[in-house]
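Participant: The structure's right below; bear with me while I get my questions together.
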Amino acid sequence: MALLKILEFPDPRLRTVAKPIVKIDDILLKLIDDMLETMYAAPGIGLAATQINVHKRVLVMDVTEEKNSPMSFINPEIEIIDAELGEFSEGCLSVPGFFEIVNRPKSVRVKSLDSNSKEKIQELEGLSAICLQHEVDHLNGKLFVDYISPLKRGLIRKKLQKAQKQRT
(Lines give C-alpha, C1' and ligand atoms only; values in the text may rest on other atoms or scores of the structure.)
Protein backbone atom coordinates (compact mmCIF):
# COMPACT_ATOMS: atom_id res chain seq x y z
CA MET A 1 0.00 0.00 0.00
CA ALA A 2 1.03 3.59 -0.47
CA LEU A 3 0.34 6.97 1.08
CA LEU A 4 -1.11 9.34 -1.50
CA LYS A 5 -0.74 13.13 -1.74
CA ILE A 6 -3.89 14.98 -0.69
CA LEU A 7 -4.70 18.11 -2.70
CA GLU A 8 -5.32 21.25 -0.66
CA PHE A 9 -7.78 24.11 -1.20
CA PRO A 10 -7.69 26.23 -3.35
CA ASP A 11 -6.16 23.74 -5.80
CA PRO A 12 -8.43 23.91 -8.89
CA ARG A 13 -8.24 20.12 -9.38
CA LEU A 14 -10.53 19.81 -6.35
CA ARG A 15 -13.28 21.32 -8.53
CA THR A 16 -13.14 18.50 -11.09
CA VAL A 17 -16.31 16.41 -11.29
CA ALA A 18 -15.46 12.71 -10.99
CA LYS A 19 -16.44 10.25 -13.71
CA PRO A 20 -18.40 7.05 -13.00
CA ILE A 21 -16.41 3.85 -12.67
CA VAL A 22 -17.22 1.38 -15.42
CA LYS A 23 -14.98 -1.50 -14.38
CA ILE A 24 -14.04 -2.77 -10.95
CA ASP A 25 -10.62 -4.36 -11.22
CA ASP A 26 -7.46 -4.95 -9.19
CA ILE A 27 -6.22 -1.41 -9.96
CA LEU A 28 -9.36 0.10 -8.42
CA LEU A 29 -9.18 -2.22 -5.41
CA LYS A 30 -5.55 -1.20 -4.81
CA LEU A 31 -6.61 2.46 -5.10
CA ILE A 32 -9.25 1.87 -2.41
CA ASP A 33 -6.65 0.24 -0.13
CA ASP A 34 -4.25 3.15 -0.70
CA MET A 35 -7.02 5.67 -0.04
CA LEU A 36 -7.86 3.97 3.26
CA GLU A 37 -4.21 3.95 4.31
CA THR A 38 -3.91 7.64 3.37
CA MET A 39 -7.13 8.55 5.22
CA TYR A 40 -6.06 6.75 8.42
CA ALA A 41 -2.56 8.27 8.30
CA ALA A 42 -3.82 11.84 7.73
CA PRO A 43 -5.76 11.24 10.13
CA GLY A 44 -9.30 11.58 8.80
CA ILE A 45 -12.68 9.87 8.66
CA GLY A 46 -13.32 10.15 4.91
CA LEU A 47 -11.49 10.58 1.61
CA ALA A 48 -12.79 10.99 -1.92
CA ALA A 49 -10.70 10.08 -4.96
CA THR A 50 -10.91 13.68 -6.17
CA GLN A 51 -8.85 14.72 -3.16
CA ILE A 52 -5.93 12.64 -4.39
CA ASN A 53 -6.28 13.86 -7.99
CA VAL A 54 -8.04 10.71 -9.22
CA HIS A 55 -11.28 11.81 -10.81
CA LYS A 56 -13.31 8.63 -10.40
CA ARG A 57 -16.48 8.21 -8.34
CA VAL A 58 -15.07 6.34 -5.37
CA LEU A 59 -14.74 7.29 -1.72
CA VAL A 60 -13.74 5.67 1.55
CA MET A 61 -14.68 6.39 5.13
CA ASP A 62 -14.49 5.08 8.68
CA VAL A 63 -16.23 7.10 11.39
CA THR A 64 -15.51 4.69 14.25
CA GLU A 65 -13.28 5.67 17.16
CA GLU A 66 -11.41 2.37 16.81
CA LYS A 67 -10.77 2.90 13.07
CA ASN A 68 -11.73 -0.69 12.37
CA SER A 69 -14.79 -0.35 10.11
CA PRO A 70 -13.57 0.83 6.72
CA MET A 71 -16.23 1.40 4.08
CA SER A 72 -15.89 2.09 0.39
CA PHE A 73 -18.51 3.42 -2.00
CA ILE A 74 -18.17 3.04 -5.77
CA ASN A 75 -20.44 5.28 -7.86
CA PRO A 76 -22.43 6.45 -4.82
CA GLU A 77 -25.87 7.98 -5.31
CA ILE A 78 -27.51 9.70 -2.36
CA GLU A 79 -31.21 9.98 -1.55
CA ILE A 80 -32.27 12.13 1.40
CA ILE A 81 -34.43 10.19 3.87
CA ASP A 82 -35.06 12.95 6.39
CA ALA A 83 -34.92 16.56 5.18
CA GLU A 84 -34.38 17.80 8.73
CA LEU A 85 -31.00 19.48 8.83
CA GLY A 86 -28.42 19.02 11.53
CA GLU A 87 -25.63 21.44 12.37
CA PHE A 88 -22.26 19.78 12.27
CA SER A 89 -18.75 21.12 12.64
CA GLU A 90 -16.97 19.88 9.54
CA GLY A 91 -13.30 19.71 8.74
CA CYS A 92 -11.56 18.40 5.64
CA LEU A 93 -8.23 16.83 4.78
CA SER A 94 -8.10 19.23 1.80
CA VAL A 95 -8.72 22.24 4.07
CA PRO A 96 -6.36 21.33 6.94
CA GLY A 97 -6.78 23.03 10.29
CA PHE A 98 -10.19 24.59 9.66
CA PHE A 99 -13.60 23.58 11.01
CA GLU A 100 -16.88 25.29 10.21
CA ILE A 101 -20.55 24.64 10.93
CA VAL A 102 -22.39 23.13 7.94
CA ASN A 103 -26.08 22.19 7.83
CA ARG A 104 -26.85 18.88 6.14
CA PRO A 105 -29.63 16.28 6.20
CA LYS A 106 -29.23 13.94 9.19
CA SER A 107 -30.08 10.71 7.36
CA VAL A 108 -29.58 9.47 3.82
CA ARG A 109 -29.89 6.34 1.74
CA VAL A 110 -26.95 5.54 -0.50
CA LYS A 111 -26.87 3.21 -3.47
CA SER A 112 -23.41 2.15 -4.61
CA LEU A 113 -21.40 -0.79 -5.85
CA ASP A 114 -19.25 -3.02 -3.69
CA SER A 115 -15.88 -4.47 -4.69
CA ASN A 116 -17.65 -7.39 -6.41
CA SER A 117 -19.71 -5.07 -8.66
CA LYS A 118 -22.85 -5.85 -6.63
CA GLU A 119 -25.29 -3.06 -5.90
CA LYS A 120 -25.70 -2.25 -2.22
CA ILE A 121 -28.17 0.07 -0.53
CA GLN A 122 -27.50 1.43 2.95
CA GLU A 123 -29.18 3.90 5.24
CA LEU A 124 -26.83 6.14 7.17
CA GLU A 125 -27.52 8.53 10.03
CA GLY A 126 -25.61 11.10 12.04
CA LEU A 127 -21.88 11.35 11.47
CA SER A 128 -21.89 8.58 8.82
CA ALA A 129 -24.55 10.42 6.80
CA ILE A 130 -22.71 13.74 7.13
CA CYS A 131 -19.35 12.24 6.16
CA LEU A 132 -20.85 10.52 3.12
CA GLN A 133 -22.49 13.74 1.92
CA HIS A 134 -19.22 15.62 2.44
CA GLU A 135 -17.26 13.07 0.39
CA VAL A 136 -19.87 12.89 -2.40
CA ASP A 137 -19.62 16.68 -2.59
CA HIS A 138 -15.92 16.20 -3.38
CA LEU A 139 -16.83 13.85 -6.23
CA ASN A 140 -19.07 16.64 -7.55
CA GLY A 141 -16.30 19.27 -7.34
CA LYS A 142 -17.67 20.92 -4.20
CA LEU A 143 -15.99 21.60 -0.85
CA PHE A 144 -17.42 22.30 2.59
CA VAL A 145 -16.08 25.87 2.37
CA ASP A 146 -18.69 26.44 -0.37
CA TYR A 147 -21.31 26.32 2.41
CA ILE A 148 -19.79 29.17 4.42
CA SER A 149 -19.68 32.90 3.77
CA PRO A 150 -17.47 34.24 0.97
CA LEU A 151 -15.59 36.30 3.55
CA LYS A 152 -14.68 33.26 5.69
CA ARG A 153 -13.85 31.24 2.56
CA GLY A 154 -11.50 34.01 1.38
CA LEU A 155 -9.73 34.15 4.74
CA ILE A 156 -9.24 30.37 4.75
CA ARG A 157 -7.93 30.53 1.15
CA LYS A 158 -5.37 33.21 2.08
CA LYS A 159 -4.17 31.36 5.19
CA LEU A 160 -3.75 28.07 3.31
CA GLN A 161 -1.98 29.74 0.37
CA LYS A 162 0.42 31.41 2.82
CA ALA A 163 1.09 28.10 4.58
CA GLN A 164 1.64 26.34 1.22
CA LYS A 165 4.19 29.00 0.17
CA GLN A 166 6.07 28.61 3.46
CA ARG A 167 6.36 24.85 2.89
CA THR A 168 7.89 25.24 -0.58
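The values are calculated or read from the model by the stated rules, or taken from the named source; none is laboratory data. Fair warning: this is a prediction, and the values are worked out from it, not measured in the lab. Virtual Cβ from ideal backbone geometry, glycine too; neighbours counted across all protein chains shown. The protein model used for the area step is the full one, side chains on, heavy atoms only, and it has no ligands, DNA or RNA in it. Shrake-Rupley method; radii C 1.70, N 1.55, O 1.52, S 1.80 Å.
Participant: Find the lysine pairs in the range 3-118 meeting two conditions, Cα atoms under 17 Å apart and a separation of 8 or more places or different chains, and report how many there are.
Facilitator: Qualifying lysine pairs in the range 3-118: 9.
Participant: Give me the distance between the Cα centres of the range 91-139 and the range 14-66, rounded to whole Å.
Facilitator: Cα centroid to Cα centroid, the span is 12 Å.
Participant: At 1.4 Å probe size, with no ligands or nucleic acids counted, give the accessible surface of Phe98 in Å², nearest ten.
Facilitator: 40 Å²
Participant: Most mobile of Gly154, Gly141, Gly46 per a Gaussian network model of the chain (Cα springs, under 10 Å)?
Facilitator: Maximum fluctuation in the GNM of the chain, among the listed residues, is at Gly154.
Participant: Once phi is turned into θ = phi - 60°, what whole-Hz ³J(HN,Hα) does the Karplus curve with 6.51, -1.76 and 1.60 give for every residue of the range 73-83, x standing for Gly and Pro?
Facilitator: For the range 73-83, the Karplus-derived couplings read 10, 10, 6, x, 10, 9, 10, 6, 8, 10, 6 Hz, x marking Gly and Pro.
Participant: Could you give the longest part of the chain that holds none of the GluC sites (Glu not before Pro) found in DSSP loops with at most 10 neighbouring Cβ atoms within 10 Å?
Facilitator: Numbers: sites that count: Glu65, Glu66.
The answer is 67-168.
Participant: Return the calculated 222 nm mean residue ellipticity for the chain, to the nearest 500 deg cm²/dmol, obtained by summing -39500 (n - 2.57) across DSSP H runs with n ≥ 4 and dividing by the residue count.
Facilitator: Details: 3 runs with 48 residues, N = 168.
Calculated mean residue ellipticity at 222 nm is -9500 deg cm²/dmol.
Participant: When a/c is below 1.5 the answer is rounded, else prolate if a/b is larger than b/c, else oblate, so apply that to the range 102-152 with a ≥ b ≥ c taken from the square roots of the Cα gyration tensor eigenvalues. Write out the running numbers ahead of the final one.
Facilitator: On the way: a/c = 4.22, a/b = 1.89, b/c = 2.23.
Oblate, because a/c is 1.5 or more while a/b does not exceed b/c.
Participant: Averaged per residue, what accessible area in Å² does the range 13-135 show with a 1.4 Å probe, protein chains only?
Facilitator: On the way: 6180 Å² over 123 residues.
Result: 50 Å² of accessible area for each residue.
Participant: Going by a ≥ b ≥ c, the root eigenvalues of the Cα gyration tensor, does the range 1-108 fall in the rounded group (a/c under 1.5), the prolate group (a/b larger than b/c) or the oblate group?
Facilitator: Working: a/c = 1.42, a/b = 1.27, b/c = 1.11.
Verdict is rounded for the range 1-108.
Participant: Further, regarding this structure: Carbon-plus-sulfur fraction of the accessible area of the range 1-152, 1.4 Å probe, in percent? If you can, show how the numbers build up before the last one.
Facilitator: Values: 4140 of 7690 Å².
Carbon and sulfur: 54 percent of the exposed surface of the range 1-152.
Participant: Here is a further query. How would the range 59-167 be classified by its alpha-carbon gyration tensor: rounded, prolate or oblate, with rounded meaning a/c under 1.5 and the a/b versus b/c comparison settling the rest? The partial results should precede the final answer.
Facilitator: Values: a/c = 2.16, a/b = 1.64, b/c = 1.32.
Here the range 59-167 falls in the prolate category.
Participant: Let me ask another. Could you compute how much accessible surface Lys111 exposes when probed at 1.4 Å, giving the result in Å² to the nearest 10?
Facilitator: Only protein atoms counted, so the area is about 80 Å².
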